[in-house]
Amino acid sequence: MKQVPRHQQIVELVQKQGYVSTDELVEQFNVSPQTIRRDLNELADANKIRRYHGGATIPLSSENTSYNTRKSMNFNEKDVIAEEVVKHIPDGATLFIDIGTTPEAIAKALNKNHKQLRIVTNNINVATILLPNPEFKVILAGGEVRNRDGGIVGEATLDFIKQFRLDFGILGISGIDFDGSLLDFDYHEVRVKQAIIENSRSVFLAVDHSKFGRNAMVKLGNISQLHMLFTDKQPPKEILSILKEHSIPLEVINQE
């Protein structure tokens, strides 16, 4: 394959998967590791990807993609992950459900069979999904409503969340760095997520594979604070190592 089409395909793979390994690219394009490393260096110089040891991820960015774009990205993967997450939520539980398109998929999955749940959320979309269900008691946080995604943030939201101590916290995040950092774009939203972590007995994080290695500017915590991680593809070895070190269960949900 010629260099230019290969470069385009590498960029498309990175954008779709969130990260790719050098070994994966060598196998896919049937070229030498030296050729792939040269390709990655050239693409990184053009800021089309970001290099890391053993592969590449999406370039640095200070802004999140739009809500509608995120909602359509990896749509099936999010639903499959959500179906697995809700198997670990017993009837009668109390839980936080965070801002994000994956937490919204989890809310839809909970709607199918669960009974007697009490749910605190700062996500208007989650509240709208759950409100018609007579089995659920939904408590909506106060604060400033963001018109771009229905998220509720601010000091009032933070104070509200801190009043509770619930069984489960269901987080949504923008990225997981290779050192295990949990990342997001909005400082005010991050503070609410930190409060959810601090006030939940068990913290579940559900992410599709595109979040691994994805960069965002605000650190909200580390995967070592989680009680379980759900995803649709095996994470990079750096993240696997951290999960193993802290004995955090990992569920990789295949779609077959």
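The values are calculated or read from the model by the stated rules, or taken from the named source; none is laboratory data. Everything quoted here is computed from the prediction, not taken from an experiment. Backbone-built Cβ (ideal geometry, glycine too); neighbour counts: all protein chains shown. Note: accessible area is taken over every heavy atom of the protein model, side chains too, but ligands, DNA and RNA are not part of it. Shrake-Rupley method; radii C 1.70, N 1.55, O 1.52, S 1.80 Å.
Things to note:
- Taking packing as the residue-averaged number of other Cβ atoms within 10 angstrom, the listed peptides 218-230, 234-246, 92-104 run from highest to lowest as 92-104, 218-230, 234-246.
- Debye, to nearest 20: dipole size of the range 173-212, +1 on Lys, Arg Cβ, -1 on Asp, Glu Cβ: 180
- The range 91-140 and the range 187-256 have their alpha-carbon centroids 20 Å apart.
- Take every Cα pair under 8 Å whose residues are at least 6 apart in sequence, average their separation, divide by the length of the chain, and the relative contact order is 17 percent.
- Gyration tensor verdict on the range 118-182 (Cα atoms; rounded if a/c is under 1.5, prolate if a/b is larger than b/c, oblate otherwise): prolate
- A 1.4 Å probe run over the chain, with the rest of the protein chains in place, finds 47 Å² accessible per residue.
- Within the range 148-256: Cβ-based charge dipole about Cα centre, in debye rounded to nearest 20 (Lys, Arg +1; Asp, Glu -1): 140
- Within straight-line reach of residue 115, meaning a Cα separation under 17 Å, sit the following lysines at least 8 residues removed in sequence or on another chain: 87, 137.
- Peptides 105-117, 155-167 ranked from most to least packed by the mean count of surrounding Cβ atoms within 10 Å: 105-117, 155-167.
- Cross-link reach list, aspartates and glutamates versus residue 219, counting only Cα pairs under 18 Å and skipping chain neighbours closer than eight places: 63, 98, 177, 179, 184, 186, 189, 198, 238
- When a 1.4 Å probe is rolled over the protein heavy atoms, the share of accessible surface on the chain that falls to carbon and sulfur comes to 48 percent.
- Under the simplified labelling scheme, the residue 227-residue 118 pair shows an inter-label distance of 1.6 nm, with each label point 7 Å from Cα along Cα→Cβ.
- Cα-projected label distance for residue 137 with residue 251, points at 7 Å along beta-carbon direction, nm: 2.5
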